[in-house]
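Below is one structure, written out as structure tokens; the observations come after it.
The values are calculated or read from the model by the stated rules, or taken from the named source; none is laboratory data. Just so we're clear, the structure is a prediction, and the values are computed from it rather than from any experiment. When we count neighbours, we look across all protein chains shown, and the Cβ atoms used for this are built from the backbone with ideal geometry, even at glycine. These accessible areas exclude ligands, DNA and RNA; they are computed on the full protein's heavy atoms, side chains included. Shrake-Rupley method; radii C 1.70, N 1.55, O 1.52, S 1.80 Å.
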Amino acid sequence: MNRASAAGNGNGVDEVVLSARHVVKTYGGTQALRGVNFDIHRGKVTTLFGENGAGKSTLMKILSGVEQPTSGEILLHGETVSFHSTVDARDRGISIIHQELSLAPNLNVRDNIFMGREIRTGTGIDFAEEARQTQELMERLEEDISPFTPVADLRLGQQQIVEIARALSVDARILIMDEPTSALSASEVEVLFKVIADLKSSGVSIVYISHHLEEALQITDFAVVLRDGNITATAEVRDIDLEWIVRRMVGEHFSLGEAPSVDEFGPIALSIEDVSVADVENPQRSIVDNLSLEVRSREVVCIYGLMGAGRTELLEAVAGRVPLTGGRVVLNGADVSGLSISERIDAGLCLVPEDRQRDGLVQTMSVGQNLTLASLTSFVKGLFLSRSAEEARVQESIKDVQVKTESPAAPIGALSGGNQQKVVIGKMLATHPQVILLDEPSRGIDVGAKAEVFRLLAERAGSGLAVVYSTSEVGECLSIAHRIIVMRRGRISAEFGPHTSKEEIMAASGEAVVA
């Protein structure tokens, strides 16, 4: 069935513009890349598939000048090159959109796009021209964002659009996209794919990395699988399917898990009663409108909806991060609507936020410090913090949620995205919650890590925890959930059991179902 073809096989059909040859990258005793050979073709999309920690981002950082290889060489148009910085790479026509946003939230959209390469005249910076070009980029991406809007005021998906616009603004001939759609709505992804098609037609070469496998297959010309620092498979997209990718990434047998077996659910743990939440951008409008939902202990409930349906706002309001404009939140029979975030955590209600980098982790802290951040008060005895008790909890949490780290003292940034997400979940589980809310728990993590996260949640539900998670990936609804709640325009539009179909869920959300 699958006629695998080596990228850049010398047949002259596809011109290779950038290559990695026998590239090795080591960090101390860890070998992240093990003699990788990788080709990028003119006017084509090469998608790099692999689990977190496989070496994808490391390879892209080397190709874009963020890091240098330990050994091996980079060839640009057949000539050996050495990039000592992203500026070096950008000057040679290579630009990268990083997985984690690198915007300055205190600056506006225009200033973020032109930061470090301002348009200058004899009298200074031409802010008007920068604003004009920014407006053109926003129109190209079909996004109604003013050049003068502070980035801090944008939702996560809009910030991702700004990151994409910044990369497009340099007129790169080779564009690396590392998880560009992780925070985008379906309509925004569609626009981005149109932009990618336009770029290809003008000869721009694209490297694409995504954990949304089905989505990536829509635009891919060449598929390359990286596993444990080695290229394990390459093929043209016409010769492969989703199963081919998953098998080569994680092995023959793969599942996101299944709903935990429950003879009888426990009592009602969380009651959301007629809750309303105002839209931040338009306070006169409710983005969650008189919504009610009950969740029992030992139950797993999935909330599905498109971007803008109100999923995130609902979970943040229940956790105390945004105020209610109506209704109340009841935890084990007690009204907690007036409690602060920390008070709700102490009462047994916690949230794993959508943006782990911004809201879930402290980048200057170690793995261990992040794990105990939400439960520090439990280690205080008198006026002192019991380090031994804290260290014991850290070791317990690392084992419990299976964080892969060299040491609890390792910086959190040294972990892969999937392991960082486990740390955020482990941090909240260390507070011994009775109800845990998770907003897009699989955002930016690979299928293997995703399965580990869902199995962990199913296991905890089986032990008595009430679990509520939101997702915009319909396939995740049909994994571990006992109930699937579909939100549309701030309300519940449908409720399903675990044996429904993707088509029914998508139709209830207002999403077009493609035959």
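Tabulated data for the structure shown
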item	result
Residue list for region 136-176, restricted to those being of a type in the set (D, E, K, R) and either surrounded by 15 or more Cβ atoms within 10 Å (Cβ to Cβ) or farther than 24 Å from T86 by Cα (or both)	E136, E139, R140, E142, E143, D144, D153, R155, E163, R166, R173
One residue from L324, L339 being free of Cβ contacts under 8 Å to residues at least 24 places away in the same chain, buried (at least 17 other Cβ atoms within 10 Å of the Cβ) and outside any helix (DSSP H, G or I)	L339
Residues that are within 24 Å of V447 (Cα to Cα), modelled with pLDDT under 95 and among the polar types (S, T, N, Q), drawn from region 14-46	T30, Q31
Identity of the residue in region 266-301, of a type in the set (K, R) and not in a strand (DSSP E or B), that ends up nearest to H482 (Cα to Cα)	R298
Any strands (runs of 3 or more DSSP E) falling wholly within region 175-244 and containing at least 1 residues that are under 21 Å from the mean Cα position of the chain (by Cα)	205-209, 222-227
Sole residue being of a type outside the set (V, I, T), open to solvent by 40 Å² or more (accessible area, probe 1.4 Å) and over 26 Å from the mean Cα position of the chain (by Cα), chosen from R42, R90	R42
Residues being charged (D, E, K, R) and within 23 Å of L415 (Cα to Cα) - total across region 343-388	5
Condition check for L331: open to solvent by 20 Å² or more (accessible area, probe 1.4 Å), more than 20 Å from R443 (Cα to Cα) and hydrophobic (A, V, I, L, M, F, W, C)	no
Residue within region 132-142 that is under 28 Å from the mean Cα position of the chain (by Cα) and closer than 26 Å to L415 by Cβ present	no
Selection status of E139, of a type in the set (D, E, K, R) and assigned to a loop (DSSP other than H, G, I, E, B)	no
Filter result (farther than 23 Å from E459 by Cβ and part of a loop (DSSP other than H, G, I, E, B)) within region 481-504	R489, G490, T500, S501
Sole residue being of a type in the set (A, V, I, L, M, F, W, C), farther than 30 Å from G72 by Cβ, open to solvent by less than 40 Å² (accessible area, probe 1.4 Å) and in a loop (DSSP other than H, G, I, E, B), chosen from A317, A259	A259
Where a residue in region 272-298 is under 25 Å from P433 (Cβ atoms) and modelled with pLDDT of 95 or more and its partner, wherever it lies, is acidic (D, E) and open to solvent by 70 Å² or more (accessible area, probe 1.4 Å), with Cβ under 6 Å and at least six apart	S292/D274
Condition met for I485 (closer than 30 Å to K427 by Cβ and either open to solvent by 40 Å² or more (accessible area, probe 1.4 Å) or not basic (K, R) (or both))	yes
Test: residue in region 318-325 that is over 22 Å from the mean Cα position of the chain (by Cα) and either among the aromatic types (F, W, Y) or at positive phi (or both)	yes
Extreme residue, farthest from V301 (Cα to Cα), among residues of region 428-453 that are at pLDDT 90 or above and hydrophobic (A, V, I, L, M, F, W, C)	A430
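The rows are residues; the columns are (1) open to solvent by less than 50 Å² (accessible area, probe 1.4 Å); (2) on the phi < 0 side of the Ramachandran plot; (3) aromatic (F, W, Y); (4) under 20 Å from the mean Cα position of the chain (by Cα).
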| residue | (1), (2), (3), (4) |
| --- | --- |
| S407 | yes, yes, no, no |
| G418 | yes, yes, no, yes |
| L437 | yes, yes, no, yes |
| P441 | yes, yes, no, yes |
| I445 | yes, yes, no, yes |
| L456 | yes, yes, no, yes |
| S472 | no, yes, no, yes |
| S493 | no, yes, no, no |
| E504 | no, yes, no, no |
